[in-house]
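One structure below.
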Amino acid sequence: MNTGLIIFFSLLGGLLLWGILLYNQLVVLKNNTQKAWSNTDILLKQRNEELPKLVAVCKEHMQYEQETLQKVMEARNLVASALQSGNMNALGAAEDQLRIGLGNLFAVAEAYPELKASESFQHLRERVTGLEDSIADRREFYNDFANNNNTRIEQFPDVIIAKAFSFKHFRLMSFSVEETRDVDVAAHFSS
């Protein structure tokens, strides 16, 4: 066999192996990003299941705060709708409304000593607060994977494999100005 032919097939085999390795790395990134989103989605659904219980406990003690409770439930429904449609922009906006509503609900609850003393309320408040913290962590985790995926599929030579096999960008979960601003706790207590 000709030395030139051996070199040609060796280079061709090396190029093929290199392409396979790049493809596999991109698949791992894509799957990790989808897994991170799935984990976030599970926590969002768990929180949405807890909110009606929290509102029900609050309704037992809070006769005059129906508007606050209504806003929390409306925001919960918006989150559920955005999750179902997969619309990240709508999800971000709904999450903002829900976070504001929960902050208002917890602030208003301070005016009801029997509610604050309720074991059910305390348990649900801790559960929802814990889920909120976990959701924030998972959103950061998701954004890290999504950013890594998006960077890799735009870099050369990965872009060649990414375009050939239709790898897609993942949208980052963004935060509104209200969510990143410091919370004025005094304003919640004075309203």
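The values are calculated or read from the model by the stated rules, or taken from the named source; none is laboratory data. All values reported here derive from a predicted model rather than from experimental measurement. Neighbour counts run over all protein chains shown; Cβ positions are idealised from the backbone, glycine included. Just the protein is used for accessible areas: all its heavy atoms, side chains included, with ligands, DNA and RNA removed. Shrake-Rupley method; radii C 1.70, N 1.55, O 1.52, S 1.80 Å.
Is there a residue in segment 168-178 that is at pLDDT below 85, assigned to a helix (DSSP H, G or I) and surrounded by fewer than 18 Cβ atoms within 10 Å (Cβ to Cβ)?
yes
Take segment 134-169 and flag every residue that is on the phi < 0 side of the Ramachandran plot and among the small types (G, A, S).
S134, A136, A146, A162, A164
Which residue out of L69, L98, L51 is farther than 20 Å from D41 by Cα, part of a helix (DSSP H, G or I) and open to solvent by less than 50 Å² (accessible area, probe 1.4 Å)?
On the way: L98 fails: farther than 20 Å from D41 by Cα; L51 fails: farther than 20 Å from D41 by Cα.
Answer to the check: L69.
List the pairs whose first member sits in segment 41-62 and is hydrophobic (A, V, I, L, M, F, W, C), whose second member is open to solvent by 80 Å² or more (accessible area, probe 1.4 Å), and whose Cβ atoms are under 8 Å apart, counting only residues at least 6 apart or on separate chains?
Final answer for the pair search is L43/R138.
Anything in segment 1-56 that is hydroxyl-bearing (S, T, Y) and under 17 Å from R171 (Cα atoms)? List them, or say none.
T33, S38, T40
Of the residues that make up segment 115-126, is at least one surrounded by 14 or more Cβ atoms within 10 Å (Cβ to Cβ), within 23 Å of the chain's Cα centre (by Cα) and of a type in the set (S, T, Y)?
no
Looking only at segment 104-139, filter to residues that are of a type in the set (A, V, I, L, M, F, W, C) and free of Cβ contacts under 8 Å to residues at least 12 places away in the same chain; which one of those is farthest from C58 (Cα to Cα)?
Per the stated criteria, the residue is A136.
Table: residues versus (1) under 30 Å from L21 (Cα atoms); (2) part of a helix (DSSP H, G or I); (3) out of contact with any Ser or Thr (no Cβ under 9 Å at 6 or more places or on another chain); (4) not hydrophobic (A, V, I, L, M, F, W, C).
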position	(1), (2), (3), (4)
L91	no, yes, no, no
G103	no, yes, yes, yes
A107	no, yes, no, no
K163	yes, yes, yes, yes
